[in-house]
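Before any comments, here is the structure.
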Amino acid sequence: MIVQILRYLSSGLILIPFICYFLNILINKSKKVSIDDGFNITKDIISEYDTINIIENTSSISYYNLKRKVIKLSSSTYYGNDLAHISIALLSAGISIVDKQKNKYIAILNKITNNLKLLYILPIATIIINFMTYTKEDTKIGIIIIVIGAVITYMLNNIIIESIEWIDKNLKKVKNIEKTNKDKIMTYLNSLLNLNNLIFIGELVSIIMMIAIFMDFKI
């Protein structure tokens, strides 16, 4: 019984943030916060770092390319001026600066991928493993993957925290966003961090579930 509760609790804590993330974009893409688009807002906030290029990405994903040191914004983010897409553009900018400041976690993850967003496949893998793990033998492989995923999520959360802190200190450089809208952007970015924290908690719950299965905990 306890194992089943942990199984569904873990999966829910991981899945709900992904759903909320896409709902946030849908809800906030109609809320205009700037007369400038994502490209110009990003360019303004990183104006002191002219070695970082910003380009339009042909795919629908916006991210900072760790290998090429380029901010790649999807067309909707590149030309968008709504709360969701401006916040996404700023977060990519913040990550690029954290990389410039030699963040130790970025240095580690850079050896795995050039796109941090690809690492979110690991929490999804945790959900799949949750519903494929029922015996002690199953846990031997499953717990290794989930622990690795939890460690990587912890690293991602620290990168996001540093990025948001940098954005908060430097958002004043962006002239075409009013003070009230800047507050909305920071609230939006912090909500993304909170969703990431839920994913991390979900992975920890999954580890506890694995331990319970391994110890043959049946209460």
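The values are calculated or read from the model by the stated rules, or taken from the named source; none is laboratory data. Since we're looking at a predicted model, the values are computed, not measured. Neighbour counts run over all protein chains shown; Cβ positions are idealised from the backbone, glycine included. For accessibility, only protein heavy atoms count, side chains too; no ligands or nucleic acids. Shrake-Rupley method; radii C 1.70, N 1.55, O 1.52, S 1.80 Å.
Looking across segment 165-198, the residues that are over 30 Å from residue 13 (Cα atoms) and not in a loop (DSSP other than H, G, I, E, B) come down to 169, 170, 171, 172, 173, 179, 180. Count of segment 13-47 residues, restricted to those that are part of a helix (DSSP H, G or I), of a type outside the set (A, V, I, L, M, F, W, C) and open to solvent by less than 20 Å² (accessible area, probe 1.4 Å), is 4. If you go through segment 20-53 and pick out every residue that is more than 10 Å from residue 85 (Cβ to Cβ), under 22 Å from the mean Cα position of the chain (by Cα) and among the hydrophobic types (A, V, I, L, M, F, W, C), you end up with 9. Among the residues making up segment 131-158, those that are crowded, with 20+ Cβ neighbours inside 10 Å and at pLDDT 95 or above are 146, 149, 150, 152, 153, 156.
All of (1) charged (D, E, K, R); (2) open to solvent by 20 Å² or more (accessible area, probe 1.4 Å); (3) closer than 30 Å to residue 3 by Cβ hold for residue 203 with one exception: (2). Taken over segment 171-185, the criterion of being open to solvent by 20 Å² or more (accessible area, probe 1.4 Å) and under 21 Å from the mean Cα position of the chain (by Cα) is satisfied by 182, 183, 184.
Looking at segment 10-35, I want the residues that are in contact (Cβ under 8 Å) with a residue 12 or more places away in the chain and have a partner that is open to solvent by 40 Å² or more (accessible area, probe 1.4 Å) and part of a helix (DSSP H, G or I) with Cβ atoms under 7 Å, at least 6 apart or on another chain. Which pairs are those? Listed by first residue and then by second, the contacts come to 13/198; 13/201; 16/198; 17/198; 33/184. Restricted to segment 77-103, and to residues there that are of a type in the set (D, E, K, R) and over 19 Å from residue 193 (Cβ atoms), the residue that is most open to solvent (accessible area, probe 1.4 Å) is 102.
Please go through segment 51-84 and pick out each residue that is in a loop (DSSP other than H, G, I, E, B) and closer than 27 Å to residue 179 by Cβ. Listed by number, the residues that qualify are 52, 62, 80, 81. Checked against (1) surrounded by fewer than 18 Cβ atoms within 10 Å (Cβ to Cβ); (2) part of a loop (DSSP other than H, G, I, E, B); (3) not β-branched (Val, Ile, Thr), residue 117 passes all but a single condition, namely (2). Suppose the filter is modelled with pLDDT under 95, surrounded by fewer than 20 Cβ atoms within 10 Å (Cβ to Cβ), out of contact with any Leu (no Cβ under 7 Å at 6 or more places or on another chain) and aliphatic (A, V, I, L, M); does residue 128 pass it? No. Cβ separations smaller than 7 Å between residues 6+ apart or across chains give the following pairs from segment 179-192 residues that are at negative phi to residues that are open to solvent by 80 Å² or more (accessible area, probe 1.4 Å): 186/168.
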